[in-house]
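Following: one structure in structure tokens, then a few remarks.
The values are calculated or read from the model by the stated rules, or taken from the named source; none is laboratory data. Here the structure is a predicted model, which means the values were calculated and not measured. Note that we place each Cβ from the backbone using ideal geometry, even for glycine, and neighbour counts take in every protein chain shown.
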Amino acid sequence: MSCAGFTCSKHSLCALNILYVMVSLLMIGIAAWGRWFGLISSFQVVGGIVGVGVFLFFVALAGLIGAMKHHQDHLLEVGWNNSQSTQMDVEKSLNCCGFKQVDPNLTCDAACFPNHSCLPCAEKIKEHAGEALHFVGGIGLFFSFTEILGVWLTYRYRNQKDPRANPSAFL
């Protein structure tokens, strides 16, 4: 099974949002655990961590629902039907007519229309949307992994002493 096209981007976004849901639940749980056992005495700190965790949870949950219910065909057709100027621009640039079928009784701005050799635009739009999803999905995954790298580096170097500091000083 290869990872290409729309389904790969969809599954990657779902996995990433599941990871963010788990991180948000972990933040809430650790803040509550720290408060329960008296490790954190400041209610403002616990409230801030829980608030950020709840916000991240809802954003990740909305992203997960959006990624799971996202249907490319439906979104393309809604976009096609909502704007006449978009239809004309797409027909000119992709040299196609109509969305799922070519209607010879309607007007079309494509160069192929006078010859009656036009193809429907849905497949051409899907092809271009797939290329755009590859690009945007790759950029999104790159930044997600750089954030994970930043978390790892923070964890790795958070308690490191400054070599110029007093050696007898605590941290």
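I'm checking my understanding of the structure. Among residues of segment 94-131 that are touching a residue at least 12 places away in the same chain (Cβ under 8 Å) and small (Gly, Ala, Ser), which one is surrounded by the most Cβ atoms within 10 Å (Cβ to Cβ)? It comes out as ALA110. Say whether the condition of being modelled with pLDDT of 80 or more and closer than 28 Å to ILE139 by Cα is met by at least one residue in segment 95-114. Taking every residue of segment 95-114 in turn, none turns out to be modelled with pLDDT of 80 or more and closer than 28 Å to ILE139 by Cα. Among the residues of segment 38-49, some residue qualifies, meaning at least one is modelled with pLDDT under 80, surrounded by 14 or more Cβ atoms within 10 Å (Cβ to Cβ) and of a type outside the set (Asp, Glu). The set of residues in segment 27-54 being in contact (Cβ under 8 Å) with a residue 24 or more places away in the chain and among the hydrophobic types (A, V, I, L, M, F, W, C) consists of MET27, ILE28, VAL52, VAL54. Only one entry in LEU64, LEU119, LEU94, LEU56 is in contact with a helix residue (DSSP H, G or I) (Cβ under 6 Å, 6 or more places away or on another chain) and over 30 Å from SER144 (Cβ atoms), namely LEU94.
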